[in-house]
Structures are given as structure tokens and as C-alpha cells.
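The block underneath contains the structure these notes are about, expressed in C-alpha cells.
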Amino acid sequence: MRSTSGGPRVLLRRLRETMAEQVSAQERLDKIVVLIAANMVAEVCSTYVLRVDNTLELYATEGLNREAVHQTVLNAHEGLVGLVASEATPLNLSDAQSHPAFSFRPETGEEIYHSFLGVPILRAGNTLGVLVVQNRAKRTYVEEEVEALQTTAMVLAEMIASGELSALAQPGAEPAARHSIHKTGAILSDGIALGHVVLHEPRVVITNYIAEDLPKEIKRLDAALAKLRADLDRLLERGDVADGGEHREVLEAYRMFANDHGWSHRLHEAVATGLTAEAAVERVQSDTRARMLRSTDPYLRDRLHDLEDLGHRLMRQLVGQNHAPSREQLPDNAILIARSMGPAALLDYDRTRLRGLVLEEGTANSHVSIVARALGIAAVGEVPNAPGIADPGDAIIVDATSGSIYVRPSAEVEAAYGERVRFRARRQAQYSALRDLACVTKDGQPIDLMINAGLAIDLPHIDDTGSSGIGLFRTELQFMIGQSLPRSSDQLALYRTVLDAAGSKPVTFRTLDIGGDKALPYMETVVEENPALGWRAIRLGLDRPGLLRSQIRALLRAGGGRSLRIMFPMISEVAEFDAAKAIVERELTYLRQHGHTLPERVDVGTMVEVPALLYQLDELLKKVDFISVGSNDLFQFLYAVDRGNSKVSDRFDTLSTPILRALRHIVRKAKAANRSVSLCGEMASQPLSALALIAIGYRALSVSAVSHGPIKAMILEVDAAKAEAAILPLLDAPAGSVSIRHKLAEFAEAHGLSL
């Protein structure tokens, strides 16, 4: 088999003409297989389309029996066609019938053909079907012929993805490309969202696949590759990465791939088949993605992410597209999809239009998940190939109560979720009815139920929920959403606004908790082997006293004439608290000397989140006015678990005996020292966990605004003394002998608690 004069470029031009004709989908597909067979001098050309029931249906053929079209259906792993689909790689055989995977279908009449070349029809790494050519003669197809067929399959992929073939399908057997997709992942932020897909790093939309001027396309590709390599060299020479570390290693890997002759050669080969430069990049990336997605090797999966990013950079250079979508152009009811994302990137979006978030990576205790909960948006993580399963504008449902997402949902699924959203709204109305009720347990124990906040837009939640105040105001969010360091006047204005909104209710301001994965875009990034255990929070503040003094001065001025609560994060030893409090005292003296109105009262406290502090509580509690437990980091450090690592973040239970023993130790020490104690971590925002906290003695909780209603409903129904009697003995039993989570659930069910 040899291509006719003109080869694949002539074929691509003829395919483009056929795609533009006003004919039915079946006629177009029939013409396409005839064109391919003629151009490649093949006696058979067949197109199989992957269906929603995970089978492959023969949609068109030139050479096999026409009666087999829409009649021959293979399982996704059946026969040589199924092998190509499942492996997502070409299969080139000189004698197909001798292959162990060969499956004989008498209705096709293919038993007289020996040579077989099948290539997957791929888009964004997903298999949409299989394209096959066959000949009677026993021969192996040459590399140029394989390349030509892969290029043609790319054009077919766009036809299938457009949904044009859906009209040819029987109900329940539609092409999988544009049909509903159901995926499951990990719950990051509770809620249900219906909306439309926005890709955080959108795929480049290719409008022209077929090259008009081949030498020009090669020059475009070479120029883009040269610029990509120069940009990476420039980044590596910058001071913030020149000294080594993880960021430099990533960029070095990028540079290695960018200069890889094999990658460059494959790109040039793809252009040589008649594709434009950007279509060639997409071809190579899609083939690579399909193979690596089927690999179980974590190293190869990580390298896939490197190649994905590199390919996106190259394609954006070729088409002149910016790195990210315009935040101002975010549509209403947007559902954001990304491979991974930091908290600052999420805060960069218009939260009034953002309804949901889907991540390929990300865990429930990562900072981006915490921000998602603070924003009140439904979020699901650990969704395989998340950016590749949907196109911008696709309808999508994010069910972050079960960890499910539905892309292009059916009308029935959409209607069912619409009803669920209305039901949740009715439940929220019921919670709103509890707004003015005192937050007291059934046996008369008052509970201070506060909210966590971090931006001015959170402030209406104080009145909406009827909370006791703000138990944690994350001051770092103001720093993370800006493009430059907030001026003292900006900080002062925000803190005054917060205190004004709270009125007589208390607000606990946590000083800057930056570092780790909460990097500021305008500050030099310090690369660390283990950022969670590194230079962050109060450690950074004490080493950069000017930054901490400026913030404390703004807080003290904002609190003039009223009560103020300041809390320091990540305190590891009492001496650090002493040093931080000394800054507060110095700033008070400064403001007094300059005639500023001072706060009537300043309470200074600390987060308890570093395990070392558990063994210094007696000394610490003599000096602080209050403490607040940061359960997220405390859990992370006690179990040596990276809360951003999905492989271990769910390995241990937050309601395990060791955690609850540590929390009981803290609350008992605080009460003995007559100091107030609260818990402001995400643990308090889960009704079952909040029940455990009340049982072991906590009477002040700070929760996300969306969790306030469910937590308050549970508190009003629970008998705290009975909960204590049921749970405390379990903490004294041998660790692991009983599931405290299971016992809590049994208690809640027996007492009719709303969870």
C-alpha cells in the first residue's frame, strides 16, 4: 500500500471540502472513508465509534459489507479494534488473523483481508473511536502511512466531538464523545452547583487544522519552539529560582522536554502530514496524553503534567492566546475545572458568578479547599483527567454532597438536581428561621457559635446567620487577592469595616498566615523542601517585623475605642508568643505617644496547632488571654500527614482516639487556667465532628458560614451531658478498639439529631 500523489496533504484538503458540504452525517462519513481508502490505496477503510454503553459500533466502511454498518458492535476490549481503543495506540499487523485478539465477525466479510492498521480517534486524551484500513496482501504499513492515518483520525475526532453523529444513533447507544459523563471524586466543599464549564487553563481552540503553506507552518513551529526555550532559559536565570529548589527542578524538567529532540521530531513529523503547527502540537499531545493516562507509574503521570503544561505554553504562543481566561468575562453560574489550583488563583475569580470547582488534584484539607468552603462554592477533587472530560460552556452538575460530577447531564438528571437544589434552599430557609434563637443545647449549655471570614464580602453572614461573632478572620486573604502589598491605610480600612459590621460582637483577627502553599504573588518565593513545616505564619512575621508591626498597628488603630482580639498563628514555643506580644505592646506605646485613640481592651491569644505547644500549655495559658485550636494543622502535624497529598490525607480519621485525646487535653487545661478556648478549624464545620467537640467540652466553635445553620440545628437538639457520658469513656479505652465515628453516628441516630 502506497499513498497516491499528494499524499496526506491532498487527503486533508479533500476532507475539508467534504466537511463543508451540506449533506447528512452518514453521507459525510461514507464519503470520508472512501476518500481515505482511495488516498492510501487501501481496499478497506472503516470507522468505529465508541458508544456510551462502552461498545464500538461500525459507523461507516469502504470495502467491508455495507450491511454491517450500524449492525456490527464490539465490546470496548473485543478484537483488534477493541485493543486499539483500550490501549489508545496504533496497531500495525501484516497478518491480522494470526493475532490472538482477532475476533471474526462473519457479517463484515473481512476474513479475506490480512494486513491491518488501526489508530485510535483521540481528543484531549480520550478515545472517541477507531479508524482502520486493511488490505488483502500481508504487509506491514510504513511509518509515514501510520502518521497519515493518525492525522486523518484527528479530523474525524472533531466531527465526532461536535455531536453530528448523534442523530444516527439509537437511544442508549449514542457516541460517547458528547454524551453524559459521570465521574466521582473527593468532597472538598459541600454543596450542589449547576452551571457551565470554565477551564482554568483553557485548551487552545484550533480553528484551522489543515496547512495551506507547509514551509510556513514549519517556520512557525520552529519560531515558537525557539521562543519557548528562550523563555524557559530566562525564567531559570531569574534570581528567585537561580539558587535551586523545587521550582527550579520543575523548570529544568520543562527545559529538558523543550529541548528534547524526540519531542521536536514528532512535532515536525505531524506538520509534515499536512497539519498546521498548532494542530501538530495538539496531535502529539493527545497521543502522549492517551498513553500516559493509561499508565499506573506515578512518575510517568507526573511527567504527563509537565508535558501538558509545556504543550499548552507552545500552543498559546502559536495562536497568541493569553495564559488564563479573563476573570471579568466569567459567565454566570460558572463551574471552574482545573488540574490543580492554589488559593490565590481561586480568589482571583469573580465569586458572585462562581458556583463550583472541579480539580484533578486537591484534598479536603488543602488551602484551596478551605477557600472554596469560605466562598461557599461546591467543590470536588481527585477527578481523573478533569480538564480533558469537558469543553468550555458544557453543562455540568457538581454534587459535592456525594463527590459526583455530571458533564452534559441528561434532562432527567438535571431535573432531579434542580429539585435537590430547591430542597436545599428550603432547608436553608429552615436554618434561617433559627437565626434569632439562642444557641443553647437541649440541657441548657450555651454554645458560642461563630463564623470564619476573611474578606469584606463575608461580613453580611454575621447577621444572616445570627452568629455570636467572627471566631477567625483570616487577614492573609486581603494580601493574597491583591497584585501588590496592601498599604497600611488599606488594612486599616478593612479592619474598621469588619469591626463596624460586627458591632458589639467579638472578632478574632489572626495575623498573617502566609507561606507554604499560600504564597503572595508580589513577594519573592522561598523554595523549601517541606513548606508546611517551613518559614510561614508567625515565623515569617517575627523575621520580617516590619510587616507584622504594620499589620498590628493597623489593627490597633481600627480597634480604637472598642475591644480587639489579636491571635498569632503557628506558635511553636512560648518565647515566640512573648516576642509577638511585645510587638503589640510597642505599637500600643507608639500610638499612645502620637495621640491615637486606643482600644478599650486588647486580648492577645494564639492558635494551638503545633504539637509542641501541647506540652507548654501550663506556661502559655498564664500569658495568653485566649487560645483557639487550629484542627487542620494540628491533625496534619500529629499524624505527619501532608493534608494536600491525596494518597495520605484520608488515611487517618479526624475523629480518632489520639486526636480527640489531644483536643480534650487542650480544653481541660484551658478551663483549669480559666482561659477561653475555641476551635476554628474545618473540623468544627462538620455536624458529627462538632458533636464530638461538644461532648469533650468545647463551648465555642467557629465554622464556615454555610455550615452555621446545620451546626446550630444539631446544637439545639443535643443533650450535651448525654453526649459527654456516651463519648468520653471511649477516649479512655485502648486506641483503635472502637470506632468513635461509628459510635457518634449511632448516638446521633438514637437521639434524632439533625446531621
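Mind counting the residues in segment 128-137 that are surrounded by fewer than 23 Cβ atoms within 10 Å (Cβ to Cβ) and in contact with a helix residue (DSSP H, G or I) (Cβ under 9 Å, 6 or more places away or on another chain)?
1
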Q: Just give me the residues in segment 158-176 being assigned to a loop (DSSP other than H, G, I, E, B), outside the structural domain of Thr72 (by TED's automatic domain parsing) and within 16 Å of Ala390 (Cα to Cα), in sequence order.
A: Ala176
(Q) For segment 87-130, give me each residue that is assigned to a helix (DSSP H, G or I) and either among the aliphatic types (A, V, I, L, M) or in contact (Cβ under 8 Å) with a residue 60 or more places away in the chain (or both). (A) Glu87, Ala96, Glu110, Ile112
Q. Is one or more of the residues making up segment 634-650 within 22 Å of Asp578 (Cα to Cα) and in contact (Cβ under 8 Å) with a residue 24 or more places away in the chain?
A. yes
Q: Specify which of the listed residues (Ile571, Ile566) is assigned to a strand (DSSP E or B), among the hydrophobic types (A, V, I, L, M, F, W, C), in the same structural domain as Ser631 (by TED's automatic domain parsing) and buried (at least 20 other Cβ atoms within 10 Å of the Cβ).
A: Ile566
**Q.** The listed residue being modelled with pLDDT of 90 or more, touching a Leu at 6+ places or on another chain (Cβ under 6 Å) and among the β-branched types (Val, Ile, Thr), out of Val34, Val69
**A.** Val69
Q) In the set Ser702, Ser689, Ser685, Ser707, which member is under 25 Å from Lys623 (Cα atoms), of a type in the set (Ser, Thr, Tyr) and surrounded by 17 or more Cβ atoms within 10 Å (Cβ to Cβ)? A) Ser702
Q. Mind checking which residues of segment 391-411 are among the aliphatic types (A, V, I, L, M) and either in the same structural domain as Asp287 (by TED's automatic domain parsing) or modelled with pLDDT under 85 (or both)?
A. Ala411
Q | Of the criteria (1) of a type in the set (Gly, Ala, Ser); (2) surrounded by 18 or more Cβ atoms within 10 Å (Cβ to Cβ); (3) farther than 12 Å from Ser46 by Cβ, which one Ser162 fails | A | (2)
Q. Out of segment 597-624, which residues are in a helix (DSSP H, G or I) and more than 38 Å from the chain's Cα centre (by Cα)?
A. Asp618, Glu619, Leu620, Leu621
Q) Would a scan of segment 79-94 turn up a residue that is closer than 24 Å to Pro171 by Cβ, surrounded by fewer than 22 Cβ atoms within 10 Å (Cβ to Cβ) and modelled with pLDDT under 90? A) no
(Q) Which numbered condition in (1) of a type in the set (Asp, Glu); (2) crowded, with 20+ Cβ neighbours inside 10 Å; (3) closer than 23 Å to Ile181 by Cβ; (4) without any contact (Cβ under 8 Å) to a residue 40 or more places away in the chain is the only one that Glu62 fails? (A) (3)
Q: Tally the residues that are surrounded by fewer than 19 Cβ atoms within 10 Å (Cβ to Cβ), touching a residue at least 60 places away in the same chain (Cβ under 8 Å) and part of a helix (DSSP H, G or I), restricting the search to segment 196-219.
A: 1
Q. How do the pairs read when you match residues in segment 678-698 that are without any contact (Cβ under 8 Å) to a residue 40 or more places away in the chain with residues anywhere that are of a type in the set (Val, Ile, Thr) and in a loop (DSSP other than H, G, I, E, B), using Cβ under 8 Å and keeping only pairs 6 or more apart or on different chains?
A. Ser689/Thr654
Q. Just wondering, is there one or more residues in segment 573-583 that are within 23 Å of Leu512 (Cα to Cα), aromatic (Phe, Trp, Tyr) and in contact with a Ser or Thr (Cβ under 8 Å, 6 or more places away or on another chain)?
A. yes
Q: Output the number of residues of segment 318-355 satisfying the condition of being at pLDDT 75 or above, in a helix (DSSP H, G or I) and buried (at least 21 other Cβ atoms within 10 Å of the Cβ).
A: 2
Q) Hey, any hits in segment 654-676 for a residue that's at pLDDT 95 or above and assigned to a strand (DSSP E or B)? A) yes
(Q) Checking the structure you have, find out if any residue of segment 453-467 is outside the structural domain of Gly185 (by TED's automatic domain parsing), free of Cβ contacts under 8 Å to residues at least 60 places away in the same chain and of a type in the set (Val, Ile, Thr). (A) yes
Q: Answer yes if at least one residue in segment 497-505 is in contact with a Leu (Cβ under 7 Å, 6 or more places away or on another chain), assigned to a helix (DSSP H, G or I) and farther than 29 Å from His596 by Cα, and no otherwise.
A: no
**Q.** Residue check for Asp443: crowded, with 22+ Cβ neighbours inside 10 Å, modelled with pLDDT of 85 or more, at negative phi and assigned to a loop (DSSP other than H, G, I, E, B)
**A.** no
Q. How many residues, within segment 700-724, are of a type in the set (Gly, Ala, Ser) and at pLDDT below 95?
A. 5
Q. Just to be sure, is Leu621 touching a helix residue (DSSP H, G or I) at 6+ places or on another chain (Cβ under 6 Å), modelled with pLDDT of 90 or more and hydrophobic (A, V, I, L, M, F, W, C)?
A. no
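The values are calculated or read from the model by the stated rules, or taken from the named source; none is laboratory data. From a predicted model like this one, the values you see are computed outputs, not experimental measurements. So basically every Cβ, Gly included, is an ideal-geometry build from the backbone, and we count neighbours across all protein chains shown.
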